[in-house]
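The next block holds one structure in the form of structure tokens; read it before the comments.
The values are calculated or read from the model by the stated rules, or taken from the named source; none is laboratory data. All of these numbers come straight from a predicted model, not from anything done at the bench. So basically every Cβ, Gly included, is an ideal-geometry build from the backbone, and we count neighbours across all protein chains shown.
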Amino acid sequence: MATTARPVTAFAGAKINLSLRVTGRRANGHHELDSLVVHASDVGDTLSLNESDEVSLTLSGPFSGSLSAEADNLILRAARALGITGATFTLDKHLPIASGIGGGSADAAAALILLNKTFDLGHDNASLAQIGVSLGADVPMCLNPEPKRVNGIGNNITSVRLPPLHLVLVNPGVAVQTGEVFQRLDTCSSPLPTVPEDFGALADWITNAGNDLLPPALTLAPEIGEVLDVLEALPAVNASGLSGSGATCFALFENRAAAQDAADAVTAIHPLWWCKSAQTIGS
């Protein structure tokens, strides 16, 4: 029976790859990765859930028009994966679509968490991660928003000690399909070195570690190069790079004020770009 009880909600923060190396390719075509991943505490989508007579999804927010509430939506697939037949979701969509910051994966992870809690399904995080990988390789890493080192196809996750970081996230309004980027990748790299905890050393580490998906992503979205040029020229920037397969890029700053000033400067120059100052969740 449907209920009018207050819905439960979950925040699906942006996932940012501060580095990403492709270390190999499996016989089935899946790539082996090594990536340092953090999650925003203040930039993301919000998912609400109410028990209902059927499963449905309502979309709102600035990027809702780019999504479909049809059966292949990851949120609805998450409900089916858990065997739920009565849940009404409302997604307030604030992250750009196909932008390299895990919007869909974070939404799916939020759905798994909400469903598990609301219906008292008893899954622990490892169990939810096994279900999540069937929805997408990035879903397991979005179940826990603490900093992490991600290996394998995204399923081997190790916690990393990092303080909260202050970033600027910029997307030029270009959607990039991850599969197309990987199709254009023709090299593999060695694994990443140990992640330092010191801020200055971490900034240098990010710069040196890089993102193997940047060259192929640039062939699909040359606008990424313009974004990186703008970020690298900002005062007080400590490091910058591409998140995931793009087209969202990030810049690292020492404090919240510097990040907000930088975001304001980027928006003044490129008002049509999606640009947000963000703080990440620390360990």
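Observations on the model:
- For the stretch 37-57, the tally of residues that are more than 27 Å from Thr158 (Cβ to Cβ) and β-branched (Val, Ile, Thr) stands at 2.
- Where helices (runs of 4 or more DSSP H) fall wholly inside the stretch 168-255, the ranges with 1 or more residues that are acidic (Asp, Glu) and modelled with pLDDT of 95 or more are 178-183, 199-209, 223-232.
- Remark: pairs (first residue in the stretch 24-46, more than 30 Å from Pro62 (Cβ to Cβ) and outside the structural domain of Arg256 (by TED's automatic domain parsing); second residue acidic (Asp, Glu) and surrounded by fewer than 22 Cβ atoms within 10 Å (Cβ to Cβ); Cβ separation under 8 Å; 6+ apart in sequence or on different chains) = Gly24/Glu32; Arg25/Glu32; Arg26/Glu32.
- When the test is whether a residue is assigned by TED's automatic domain parsing to the domain that holds Phe182 and touching a residue at least 24 places away in the same chain (Cβ under 8 Å), Ala233 does not pass it.
- Residues that are in a loop (DSSP other than H, G, I, E, B) and touching a residue at least 12 places away in the same chain (Cβ under 8 Å) were ranked within the stretch 54-71; the one that is farthest from the chain's Cα centre (by Cα) is Glu54.
- Of all residues making up the stretch 72-122, the number that are within 15 Å of Leu59 (Cβ to Cβ), part of a helix (DSSP H, G or I) and either among the charged types (D, E, K, R) or assigned by TED's automatic domain parsing to the domain that holds Gly173 (or both): 1
- Top-ranked residue of the stretch 1-30 - restricted to ones that are in a loop (DSSP other than H, G, I, E, B) and small (Gly, Ala, Ser), ranked as modelled with the highest pLDDT: Ala27
- Summed over the stretch 193-228, the residues that are of a type in the set (D, E, K, R) and under 16 Å from Pro147 (Cα atoms) give a count of 2.
- Restricting the first member to the stretch 178-204 and to residues that are touching a residue at least 12 places away in the same chain (Cβ under 8 Å), and the second to residues that are surrounded by 14 or more Cβ atoms within 10 Å (Cβ to Cβ) and of a type in the set (Lys, Arg), the beta-carbon pairs closer than 9 Å and six or more apart or on different chains are Cys188/Arg21; Ser189/Arg21; Ser190/Arg21; Pro191/Arg21; Leu192/Arg21; Leu192/Arg149; Val195/Arg149.
- Selection status of Leu36, in a strand (DSSP E or B), out of contact with any Cys (no Cβ under 8 Å at 6 or more places or on another chain), of a type outside the set (D, E, K, R) and within 29 Å of Arg149 (Cα to Cα): yes
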